[in-house]
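Contents: one structure, followed by commentary.
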Amino acid sequence: MRTIIVVILLMCLVFVGAGGCTGTSPAKESTTGDIRTESTERVAETTTSTVKEALAEGPGAVTETTSIEETKIGALGERRNPIPVDQEARVGDWEVRVVDARPNANQIILDENMFNNPPKEGNQYVLVSLEATYVGDGSSTFWIDMLYSFVGGKGGSFDVAVAVAPDAITSADEALSGGSIAGNLVFEAPSDQVPGGTLLLEEAFSHDQARVFFAVR
């Protein structure tokens with residue numbers, strides 16, 4: 001009987017010892033703790049790396065974007081970056097500025113001369129007021145020195161209209177060096193070309209083909 005009891009006690013001790021040795025809770029907590037620590041470190045490293053890359057690339061990206069925009073716009077006086085209204089620009093031997101513009105001058109032109117015809121259907125008259133100062137030697141005449149056209153917002157090019165403009169600049173007198181003249185140009189263009197349109201002035205007798213775009217709005 002005592003032998004049986006001893007055997008049973010020994011078996012219980014062996015069972016309890018085995019359970020203690022194979023207990024999983026501490027091991028699981030340790031393993032889980034290690035996994036969480038490793039994951040946290042990886043996330044921290046990734047976040048730090050991402051922030052560093054963003055900071056490193058940020059200024060460069062802004063500079064590159066600005067450069068692209070500047071390339072698209074072009075230099076002052078080109079079609080996508082015309083000379084603003086009331087600002088002077090040199091075209092050949094003349095300093096020119098657009099003083100004012102009337103994108104729809106139909107009634108003005110019709111009232112100016114009884115022989116002026118209404119614009120064609122779908123078209124309208126554009127009236128541009130200019131001032132120009134001759135800065136070359138001797139003397140010269142603006143309308144002889146200059147070629148002009150209205151370049152529509154969709155890229156069409158339109159010559160001076162066959163109509164009498166009020167105070168036409170083509171009637172301006174010859175100017176001595178330092179002298180100024182003023183007057184108007186009138187163009188007929190399709191109405192859908194007028195928004196975004198510009199005035200193009202080009203030196204008539206230049207081998208350099210000097211040309212400047214002026215805003216009319």
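The values are calculated or read from the model by the stated rules, or taken from the named source; none is laboratory data. What you are looking at is a predicted structure, and each value in this text was computed from that prediction instead of being measured. In this analysis, Cβ positions are derived from the backbone assuming ideal geometry, glycine residues included, and neighbour counts consider all displayed protein chains.
Summary table below
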{"item": "Contacts under 8 angstrom Cβ, first residue in the stretch 114-131 being within 13 Å of VAL85 (Cβ to Cβ) and in the same structural domain as THR198 (by TED's automatic domain parsing), partner among the polar types (S, T, N, Q) and surrounded by 12 or more Cβ atoms within 10 Å (Cβ to Cβ), 6 or more apart", "result": "VAL128/ASN184; SER129/ASN184; LEU130/ASN184; GLU131/SER180"}
{"item": "Qualifying residue in the stretch 200-216 (condition: hydroxyl-bearing (Ser, Thr, Tyr) and at pLDDT 95 or above)", "result": "no"}
{"item": "Selected residue [loosely packed, with under 14 Cβ neighbours inside 10 Å and acidic (Asp, Glu)] from GLU131, GLU121, GLU95", "result": "GLU121"}
{"item": "Residue within the stretch 161-175 that is buried (at least 19 other Cβ atoms within 10 Å of the Cβ) and of a type in the set (Val, Ile, Thr) present", "result": "yes"}
{"item": "Segments classed as strands (runs of 3 or more DSSP E), wholly inside the stretch 172-217, with at least 2 members that are under 17 Å from ALA75 (Cβ atoms)", "result": "198-203, 211-215"}
{"item": "Check on GLN87, surrounded by fewer than 19 Cβ atoms within 10 Å (Cβ to Cβ), closer than 14 Å to LEU199 by Cβ and not charged (D, E, K, R)", "result": "yes"}
{"item": "Residue within the stretch 142-155 that is surrounded by 12 or more Cβ atoms within 10 Å (Cβ to Cβ), in the same structural domain as LEU201 (by TED's automatic domain parsing), in contact with a strand residue (DSSP E or B) (Cβ under 9 Å, 6 or more places away or on another chain) and of a type in the set (Lys, Arg) present", "result": "yes"}
{"item": "LEU185 being on the phi < 0 side of the Ramachandran plot, at pLDDT 95 or above and in contact with a Lys or Arg (Cβ under 7 Å, 6 or more places away or on another chain)", "result": "no"}
